[in-house]
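The values are calculated or read from the model by the stated rules, or taken from the named source; none is laboratory data. Keep in mind that what you see is a predicted model, and the values were worked out from it rather than measured. For neighbour counting, all protein chains shown are included, and Cβ atoms are generated from backbone atoms with ideal geometry for every residue, glycine included. For accessibility, only protein heavy atoms count, side chains too; no ligands or nucleic acids. Shrake-Rupley method; radii C 1.70, N 1.55, O 1.52, S 1.80 Å.
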Amino acid sequence: MAYQVLARRWRPHIFSEVVGQEPVLRALIHALDSGRLHHAFLFTGTRGVGKTTIARILAKSLNCERGVSSKPCGTCGACQEIDEARFVDLIEVDAASKTKVEDTRELLEKVQYTPSRGRYKVYLIDEVHMFSNHSFNALLKTLEEPPPHVKFLLATTDPQRLPVTVLSRCLQFNLRRLSLPLIQNYLAKILNEDGIPFEEVALQELARAADGSMRDGLSLLDQAISHGGERVLAADVYHMLGTLPRDRVFSLLEALASGDARLLLELLESMAQYTPDWGGLLGELTGLVQKVALAQFVPDALDDTFGDRERMLALAKKMTPEEVQLQYQIALVGRRDLSLAPQPRGGFEMVLLRMLAFRPLLADTQNLSKTVVQQPSTYVPAKKLVSAPTPSVPKVATTPPPPSLGDIHWSELVPSLSLIGFSHQVAMNCSLIRVEGQTLHLLLEKRRSMLLNKERAQQIEEAVQNRFGQGVRVIITIQDEVSGPVQATPAQIQERTKQEKKAEAQAVLEADPRFRELVEAFDAEVVSPND
């Protein structure tokens with residue numbers, strides 16, 4: 001007897017054998033048992049979730065010789081003929097190959113004739129979104145008022161491409177993607193039935209590669225059985241899929257969290273020996289980063305499908321939310337651009353190095369409580385920056401004491417501080433309003449307050465302490481409106497310098513006689529880059 005692939009051999013023949021689509025099945029079973037049958041059904045969902053399978057079971061339920069019910073007998077002539085795809089009154093159409101309006105008209109010409117063999121003439125149109133607009137127009141009238149002996153079963157992976165006029169005439173059922181545990185358990189059931197030994201990790205990888213499609217999962221299982229010689233082992237599946245054990249990808253992320261470039265490259269070298277699919281590996285890394293972000297904000301929502309929940313939570317504590325979000329974005333862009341790299345491995349390596357290069361400056365989370373962010377109700381401008389008669393900042397052996405107040409110019413100090421990213425932006429937009437002993441009071445306008453958080457304020461304070469000593473404090477005040485004389489912010493001074501240089505360059509250009517000749521000869525107009 002010829003071998004039959006698993007996807008066909010294990011195709012459900014009754015509703016109770018369909019897995020993962022309980023809401024849809026419940027509605028269909030109730031409609032069949034109560035006799036409330038619509039004339040047109042639309043099944044939507046991604047590939048391999050059971051759209052045409054459910055449609056065929058529905059056709060069998062409508063034409064079973066024992067009567068219309070949700071439990072077709074499966075033994076009568078009509079049921080067997082439908083299972084064997086030779087029932088004359090079940091007309092299956094692949095819309096992808098029947099896109100012309102002439103094909104649709106030819107199909108509908110026979111709608112008026114009564115069934116030859118069954119109770120209903122059933123039109124099962126797969127990938128119906130591939131119809132042309134003219135084909136849809138030809139279908140509309142019949143779809144709205146078909147003869148009582150006709151039922152339309154439409155299936156599509158892209159319902160957005162169907163005209164609203166078609167959608168409004170159908171009873172729509174949305175089939176969901178199947179979960180990883182559900183696919184894994186179904187594959188295990190099949191292997192147990194067939195007496196084929198397997199490893200759970202291997203089935204996890206197959207279910208993950210199936211990406212929500214049971215048909216894809218069964219096809220991959222067929223391939224894995226052949227690849228492993230009637231066994232399904234993890235090592236064979238990794239080799240077949242071009243993937244690596246999840247533990248190795250975890251190790252990459254842990255090396256990134258530690259900022260260990262040497263370990264990162266060593267891990268990458270060991271992975272290269274298995275010639276993995278670098279795009280798939282980057283996708284796997286992206287998925288792990290997303291799980292770490294979830295662990296940081298909603299740890300209770302983290303599942304333990306792969307038994308690595310505790311490891312994920314540990315990573316979530318080791319990395320800042322900003323770092324995780326940045327890594328996720330870099331991974332997404334890197335995966336998109338991987339095909340542009342001269343070599344896939346080199347492209348993957350550059351993504352990892354980019355994650356290290358743009359790694360945010362990490363704050364000492366144990367000392368975050370030192371920095372105070374205040375928002376007073378009133379503002380007292382500082383007319384002159386002078387030190388109050390308080391004790392000077394204690395000297396630290398490794399750093400010089402802070403200078404007197406008259407020596408501090410915030411716009412000159414900021415460039416010398418080791419600040420990057422948003423912390424640098426906050427400092428650039430602050431102005432120094434006064435100095436009281438060991439405390440620097442900075443002012444940040446309210447319209448820029450979204451830049452400030454506790455961690456960035458702490459980073460600014462630590463940068464100042466590295467410059468003047470550990471006893472120095474920094475207090476950042478958010479003010480609604482600024483009134484009175486205050487120091488200009490470094491950003492304002494930078495912009496003013498830029499405008500002055502621009503004006504100077506423009507004056508030099510306009511003074512050039514050759515430039516004036518060009519302007520007059522071509523009746524040109526000088527346009528500023530900011531215009």
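Overview of results
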| quantity | calculated |
| --- | --- |
| In the stretch 184-201, the residues that are more than 27 Å from Leu28 (Cα to Cα) and surrounded by fewer than 21 Cβ atoms within 10 Å (Cβ to Cβ) | Ala188, Leu191, Asn192, Glu193, Asp194, Gly195, Ile196, Pro197, Glu199, Glu200, Val201 |
| Count - residues of the stretch 40-66 that are of a type outside the set (A, V, I, L, M) and either part of a helix (DSSP H, G or I) or without any contact (Cβ under 8 Å) to a residue 24 or more places away in the chain (or both) | 10 |
| The lone exception for Leu171 - which of (1) farther than 28 Å from Cys64 by Cα; (2) touching a His at 6+ places or on another chain (Cβ under 6 Å); (3) open to solvent by less than 80 Å² (accessible area, probe 1.4 Å) it fails | (1) |
| Exclusive hit being open to solvent by less than 10 Å² (accessible area, probe 1.4 Å), closer than 22 Å to Ala357 by Cβ and part of a helix (DSSP H, G or I), set Leu281, Leu326, Leu338, Leu263 | Leu281 |
| Residues being among the hydroxyl-bearing types (Ser, Thr, Tyr), at pLDDT 90 or above and part of a helix (DSSP H, G or I) - total across the stretch 141-168 | 1 |
| Which listed residue, of Pro163, Pro181, is within 17 Å of Ala40 (Cβ to Cβ) and open to solvent by less than 70 Å² (accessible area, probe 1.4 Å) | Pro163 |
| Count - residues of the stretch 99-112 that are in a loop (DSSP other than H, G, I, E, B) and aliphatic (A, V, I, L, M) | 1 |
| Hits in the stretch 60-88 - residues which are under 42 Å from the mean Cα position of the chain (by Cα), polar (S, T, N, Q) and farther than 17 Å from Lys121 by Cα | Ser70 |
| Residue match in the stretch 168-180 (condition: free of Cβ contacts under 8 Å to residues at least 24 places away in the same chain and of a type outside the set (Phe, Trp, Tyr)) | yes |
| Hey, Ala7 under 26 Å from Asp158 (Cα atoms), open to solvent by 20 Å² or more (accessible area, probe 1.4 Å) and small (Gly, Ala, Ser) or not | yes |
| Checking Ala155 against (1) open to solvent by less than 50 Å² (accessible area, probe 1.4 Å); (2) without any contact (Cβ under 8 Å) to a residue 40 or more places away in the chain, the condition it does not meet | (2) |
| Some residue of the stretch 22-38 being buried (at least 18 other Cβ atoms within 10 Å of the Cβ) and either hydroxyl-bearing (Ser, Thr, Tyr) or outside any helix (DSSP H, G or I) (or both) | no |
| Residue check for Leu244: on the phi < 0 side of the Ramachandran plot, surrounded by fewer than 18 Cβ atoms within 10 Å (Cβ to Cβ) and either assigned to a helix (DSSP H, G or I) or modelled with pLDDT under 90 (or both) | no |
| Criterion (touching a helix residue (DSSP H, G or I) at 6+ places or on another chain (Cβ under 7 Å), open to solvent by less than 40 Å² (accessible area, probe 1.4 Å) and either farther than 23 Å from Leu28 by Cβ or not in a loop (DSSP other than H, G, I, E, B) (or both)) met by exactly one of Ala138, Ala96 | Ala138 |
| Residues being acidic (Asp, Glu) and open to solvent by less than 40 Å² (accessible area, probe 1.4 Å) - total across the stretch 284-309 | 2 |
| Filter result for Ser116 (farther than 13 Å from Phe152 by Cβ and surrounded by fewer than 19 Cβ atoms within 10 Å (Cβ to Cβ)) | yes |
| Options Val101, Val111; residue that is in contact with a strand residue (DSSP E or B) (Cβ under 8 Å, 6 or more places away or on another chain) and among the hydrophobic types (A, V, I, L, M, F, W, C) | Val111 |
| Residues (closer than 20 Å to Lys51 by Cα, open to solvent by less than 80 Å² (accessible area, probe 1.4 Å) and either part of a loop (DSSP other than H, G, I, E, B) or of a type in the set (Gly, Ala, Ser) (or both)) located in the stretch 67-93 | Ser69, Ser70, Pro72, Gly74, Phe87, Asp89 |
| Residues located in the stretch 310-323, provided they are open to solvent by less than 40 Å² (accessible area, probe 1.4 Å) and among the hydrophobic types (A, V, I, L, M, F, W, C) | Met312, Leu313, Leu315, Ala316, Met319 |
| Segments classed as strands (runs of 3 or more DSSP E), wholly inside the stretch 417-531, with at least 3 members that are within 42 Å of the chain's Cα centre (by Cα) and aliphatic (A, V, I, L, M) | 439-445, 473-479 |
| Filter pass, Arg119 being closer than 30 Å to Ser16 by Cα, within 43 Å of the chain's Cα centre (by Cα), touching a residue at least 40 places away in the same chain (Cβ under 8 Å) and part of a loop (DSSP other than H, G, I, E, B) | no |
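To keep it simple, each residue is scored yes or no on (1) open to solvent by 40 Å² or more (accessible area, probe 1.4 Å); (2) over 17 Å from Ile190 (Cα atoms); (3) at pLDDT 90 or above.
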{"position": "Leu203", "(1), (2), (3)": "no, no, yes"}
{"position": "Leu206", "(1), (2), (3)": "no, no, yes"}
{"position": "Gly212", "(1), (2), (3)": "no, yes, yes"}
{"position": "Leu218", "(1), (2), (3)": "no, no, yes"}
{"position": "Tyr238", "(1), (2), (3)": "no, yes, no"}
{"position": "Arg248", "(1), (2), (3)": "yes, yes, no"}
